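Can you keep this structure in mind? I'll have questions shortly.
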Amino acid sequence: MPPLRTALLQSSGRPGAVAENLKTLDEAAARAGAAGARLLVAPELFLTGYAIGDAVPELAEPVDGPGARAVAEIAVRHGLAVLYGYPERDGERIFNASQLIGPDGASLANYRKTHLFGCFEQEWFTPGDRTVVQADLDGIRIGLLICYDVEFPENVRAHALAGTDLLLVPTAQMHPFQFVAESVIPVRAFESQMYVAYVNRTGPEGEFEFVGLSCLAGPDGTVRTRAGRGEELVVGEVDPEFLAASRAANPYLHDRRPGLYGSLA
């Protein structure tokens with residue numbers, strides 16, 4: 001199986017301006033496709049912006065809403081899968097969600113953030129209740145989490161046990177927590193033997209200062225590609241042969257003793 005070339009879009013777009021953000025996504029998809037990528041990952045709540053305050057209910061849309069249809073057109077036009085974050089409306093409830101659209105425009109997976117961070121998220125969003133959401137792309141098993149979710153090792157280990165090869169983590173990581181991007185993400189990739197694509201917003205937005213530093217970390221704990229602090233598109237490869245060799249050499253998952261861990265739950 002050939003490596004899955006993956007593009008990470010580090011951008012905050014234009015908060016509150018869905019059409020402008022879709023244009024930014026379309027331009028990034030064109031660049032990613034030209035670089036041979038089969039997957040483009042955008043940050044948390046990229047469709048609408050993160051610091052949109054009481055505009056959340058107005059901008060939220062269903063899983064098959066107009067934003068999803070527009071992203072599907074982008075995916076088909078450029079021949080790649082697209083993962084984007086958005087506020088999902090389901091009846092009276094609103095979720096901090098991410099959706100993976102395939103190269104053919106079909107929805108492959110939709111995930112609702114399970115661990116809400118801070119007063120803003122807890123005020124406007126309902127927490128999701130599914131830890132493991134997966135899809136397959138070009139023979140790679142892809143899993144989804146969002147930002148704060150990945151800081152709970154139980155979430156990542158659940159994905160490892162479910163066979164996730166590449167964990168996509170759209171993010172709104174802010175100052176002063178940049179150590180998560182710098183240190184935690186490579187460790188998560190190593191301890192659970194998978195690739196982790198951590199894709200952040202960047203720059204000031206409302207009361208927040210997003211730190212960038214998006215990265216693709218490999219199962220050996222090394223960072224394959226890393227963005228700086230500004231707007232950037234970086235590309236890296238998820239190599240299934242290297243992943244298989246790493247899993248064979250690393251005994252973490254094999255040497256687990258689940259019977260000792262019951263008290264943790």
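The values are calculated or read from the model by the stated rules, or taken from the named source; none is laboratory data. All values reported here derive from a predicted model rather than from experimental measurement. Neighbour counts are summed over all protein chains in view; Cβ atoms, including those assigned to glycine, are modelled from backbone coordinates with ideal geometry. Areas reflect the complete protein model, heavy atoms only, side chains present, ligands, DNA and RNA absent. Shrake-Rupley method; radii C 1.70, N 1.55, O 1.52, S 1.80 Å.
Looking at region 170-230, what % of the alpha carbon pairs are farther apart than 17 Å?
Cα-Cα pairs in region 170-230 separated by more than 17 Å: 33 percent.
Report, in whole Å, the centroid distance computed from the Cα atoms of region 3-29 and region 109-162.
20
Relative contact order for region 1-70 using alpha-carbon pairs under 8 Å, separation at least 6, rounded to a whole percent?
Dividing the mean separation by the residue count of region 1-70 yields 41 percent.
Let me know the whole percent of all Cα-Cα pairs from region 40-180 that are separated by more than 26 Å.
Within region 40-180, distances greater than 26 Å cover 20 percent of Cα pairs.
While we're on this one: Show me 208-218, 194-204, 45-55, 132-142 ranked by packing, highest mean number of other Cβ atoms within 10 Å first.
194-204, 208-218, 45-55, 132-142
Continuing with this model, one more query. What part of the accessible area of region 200-259, given as a whole %, is carbon or sulfur when the probe is 1.4 angstrom?
C and S fraction of accessible area: 51 percent.
What are the principal axis extents of the Cα atoms in region 1-55, in Å, biggest first?
Extents along the principal axes, in whole Å: 46, 17, 12.
Run the numbers for E27 and H175: contour at 0.36 nm per residue of separation, minus the present Cα-Cα distance, in nm.
Fully extending the segment from E27 to H175 adds 50.5 nm.
Go through 161-170, 256-265 and give me the packing order, highest mean Cβ count within 10 Å leading.
Highest-to-lowest ranking by the protection proxy: 161-170, 256-265.
Roughly what % antiparallel, to the nearest 5, for the DSSP beta bridges in region 109-217?
60
Something else about it: If you put +1 on each Lys and Arg Cβ and -1 on each Asp and Glu Cβ, how big is the dipole of region 144-215 around its Cα centre, in Debye rounded to 20?
Using Cβ point charges on Lys, Arg, Asp and Glu, region 144-215 gives about 180 debye.
May I have the extent of the alpha carbons of region 109-217 along their three principal axes, as whole Å values ordered from largest to smallest?
40, 29, 24
Of the beta bridges DSSP finds with both residues in the chain, what % are antiparallel, to the nearest 5?
Roughly 70 percent of the beta bridges in the chain run antiparallel, per DSSP.
Could you give the accessible area per residue of the chain, probe 1.4 Å, as a whole number in Å²?
In whole numbers, the chain has 41 Å² accessible per residue.
Please identify the helices of the chain, taking whole runs of DSSP H, that span at least 15 Å along their own axis as judged from the Cα atoms and have a mean Kyte-Doolittle score of -0.5 or higher.
18-34, 66-78
Given Q10, S98, A35, which one lies farthest toward the positive end of the charge dipole of region 1-101, if we put +1 on the Cβ of every Lys and Arg and -1 on the Cβ of every Asp and Glu?
A35
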